[in-house]
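Engineer: First the structure, which I've put down as structure tokens, then a few questions once you've had a look.
The values are calculated or read from the model by the stated rules, or taken from the named source; none is laboratory data. Quick caveat, the model's predicted, so the values are computed rather than measured. Cβ placement follows ideal geometry from the backbone for every residue including glycine, while neighbour counts extend to all protein chains displayed.
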């Protein structure tokens, strides 16, 4: 059921703002609140706002940030009858659903940096697109699962034939990502970041982290990549060979980095 379990996390700083993300684990419906300061008091204030519109969840999942481990926050959870679960220490990936959207929000807002609009306008555009688009895991849009129906956007003003073609193309892309899977030990090509011009290199799958993430060993270093950042290759490859650049859609996250670096 929607809103029974939610994941929360912070993203930023972006445009001199921090952001509180609230994700419904059933539908991937996303709520985002811009924040100047990420105090426990402000976090509770925005959670109260979301609860006033959608009701009280049964479970809230967060990392071990001080805002979520404070006595004030624990008392707030208890007063609302909400079970609070935290990710294991040094394992922020256990709150992976929130991590994924932290990275997506960060990338999307930076892409819109060149546009002359307020941070709230940029955020509204991002949220509308996110809620309308089919999800790679569920194959349905967050709006369909959360609101039990689609939301109306400017795409609905297009000719029906064109709208249908666009939606079919989106569904096809989502299906291709969802069906792509790797096994432990598989050699893959993946994006390696850190330099001005990021490259694609070869690595070996060592672990699967949920539905969309994998841990890959690249020349003795463990990195974590989204499924869409990984490409299958043959069984025999040169580990230190660099392959040409390929378009990327998701930012990378090193296994040893935490959300505090985002």
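Engineer: Residue pairs, Cβ under 7 Å, 6 or more apart or interchain, first in the range 15-26 and over 13 Å from residue 110 (Cα atoms) and assigned by the TED database to the domain that holds residue 146, second assigned to a loop (DSSP other than H, G, I, E, B) and modelled with pLDDT under 95. List them.
Structural biologist: Short answer, once both residue conditions are applied: 18/38; 24/2; 26/1; 26/2.
Engineer: When you scan the range 3-52, how many residues do you find that are surrounded by fewer than 14 Cβ atoms within 10 Å (Cβ to Cβ) and modelled with pLDDT of 95 or more?
Structural biologist: 6
Engineer: Counting only residues that are in contact with a helix residue (DSSP H, G or I) (Cβ under 8 Å, 6 or more places away or on another chain) and part of a helix (DSSP H, G or I), which one in the range 179-234 is modelled with the lowest pLDDT?
Structural biologist: Going through the qualifying residues, I end up with 228.
Engineer: Identify, from the list 115, 33, the residue that is farther than 30 Å from residue 208 by Cβ and out of contact with any helix residue (DSSP H, G or I) (no Cβ under 6 Å at 6 or more places or on another chain). Before the answer, list the steps.
Structural biologist: Values: 33 fails: out of contact with any helix residue (DSSP H, G or I) (no Cβ under 6 Å at 6 or more places or on another chain).
Of the residues listed, the single one that is farther than 30 Å from residue 208 by Cβ and out of contact with any helix residue (DSSP H, G or I) (no Cβ under 6 Å at 6 or more places or on another chain) is 115.
Engineer: Would you check which residues across the range 7-63 are over 17 Å from residue 127 (Cα atoms), part of a strand (DSSP E or B) and in contact with a strand residue (DSSP E or B) (Cβ under 8 Å, 6 or more places away or on another chain) and list them?
Structural biologist: 59, 60, 61, 62
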